[in-house]
Amino acid sequence: MTDFLAFSLRLAGAGLLLLAAIHTPLSRHLRWREQAALLTPINAAIFRVHNLFIVLVLILMGLPCLLDPRALLELSRAALWGDWSLAAFWAIRLYCQLFVYEPALWRGLRREAAIHWWFVFVWIGLTALFILCGLQQLAR
């Protein structure tokens, strides 16, 4: 089971780094610069800082998963906290995907609906992965 989880963590890490990397083309596609210009200066600054921190969090989660997945699998209090914290983080992100983004943003729109459901699948996968890692910690 540990080898499967290590492989899954590496895959998840690569995916998280890819998600961080696509923020630049995504920002162009969604015209975030133009949209931010319509905000008050403080809200535009908050928007930019929040985007920076989203990318930073994705990188800081992705790197250990990709480069040292055993750090999240070794029996330790830090790994236990890390696994369950990441499980909670991704479960909350899944909740937001399902209940914060209004269906009008994607329902009836083929591409947007596909993206919406793809991310539902991804967030379920990440939540389940870190729950499994946490359960492995508790089973020892």
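The values are calculated or read from the model by the stated rules, or taken from the named source; none is laboratory data. What you see is a predicted model, and the numbers here were worked out from it, not measured in a lab. We place every Cβ from the backbone using ideal geometry, glycine too, and count neighbours over all the protein chains shown.
Among the residues of the range 66-74, is there at least one that is farther than 20 Å from Leu9 by Cβ and surrounded by fewer than 14 Cβ atoms within 10 Å (Cβ to Cβ)? No, that holds for no residue. Could you give every pair whose Cβ atoms fall below 8 Å, whose first residue belongs to the range 98-125 and is closer than 16 Å to Ala88 by Cα and at pLDDT 95 or above, and whose second residue is assigned to a helix (DSSP H, G or I) and among the aromatic types (Phe, Trp, Tyr), counting only separations of at least 6 or pairs across chains? Final answer for the pair search is Trp123/Trp90. So for the range 34-54 (the condition being under 17 Å from Leu129 (Cα atoms), in contact with a helix residue (DSSP H, G or I) (Cβ under 8 Å, 6 or more places away or on another chain) and of a type in the set (Phe, Trp, Tyr)), does at least one residue qualify? Checked the range 34-54: no residue is under 17 Å from Leu129 (Cα atoms), in contact with a helix residue (DSSP H, G or I) (Cβ under 8 Å, 6 or more places away or on another chain) and of a type in the set (Phe, Trp, Tyr).
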